[in-house]
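Here's the structure, in structure tokens; my notes come after.
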Amino acid sequence: APELDFLGGDLRRLPFPDDSFDAHVSFGVLEHYEQGPQELLGEARRILRPGGLVLASVPQENRLRLSPETISADEARSGGYVFHQYYYRESDMQQMLGEAGFEMLPDVHHYSVHHGLTDGTEWYSRVESKLGPLRRATQLLDFVPGLAAQVGHMMFVAARKR
């Protein structure tokens, strides 16, 4: 698409004036900032017009991701681990959005049981690597009613408050 202009930059300091856009899309980004998503959400709010929308996805906290193997940030750093991502409950995301000046709209979409199993569950990744067809079978689990809401990722829309 040669007619499009692409820019690179820091999502915490975007090179656009206030109230520039009607929408901001953020798929799989908010969870990767160790300081949390607040600064990113604040910048998204700044560049959006009143009533503008954020469409975002984040990995959802679930029982598998909160295994007994979970360790503190200090323990992780001392063991040589590097921060990768956070997992969120819908209620926590709703609160963070509210604090940043957004209102989460109803009908959060839950998807990708497969990613819910592979992200943060090392045992499943090891099994899947030995049984290739298991990945395709796991993708069918998205069609089990309610399962993605328990294990997968969530996609949501939030409106900038006026």
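Computed from the coordinates by the stated procedures, all read-outs in this text should not be read as laboratory data. As the structure is a prediction and not an experimental result, all values here were calculated from the model. So basically every Cβ, Gly included, is an ideal-geometry build from the backbone, and we count neighbours across all protein chains shown.
A few comments on the model shown:
- Close amide H pairs (under 5 Å, H built 1.01 Å from N) link Asp119 with no residue at least 5 positions away or on another chain.
- Point-charge dipole on Cβ atoms (K/R +1, D/E -1) for the chain, about Cα centre, debye to 20: 260 debye
- The chain: angle of helix 90-99 to the longest principal axis, Cα-based, in degrees nearest 10: 20 degrees
- Rounded FRET efficiency, nearest 0.05, which uses the C-beta distance separating Trp123 from Asp10 and R0 of 25 Å: 0.10
- Of the peptides 50-57, 19-26, the order by per-residue mean of other Cβ atoms within 10 Å, starting with the highest, comes out as 50-57, 19-26.
- Each residue of the range 73-87 was assigned a 3J(HN,Hα) from its phi angle through the Karplus expression (A = 6.51, B = -1.76, C = 1.60, θ = phi - 60°), giving 4, 5, 5, 5, 4, 5, x, x, 7, 10, 4, 10, 6, 9, 10 Hz with x at Gly and Pro.
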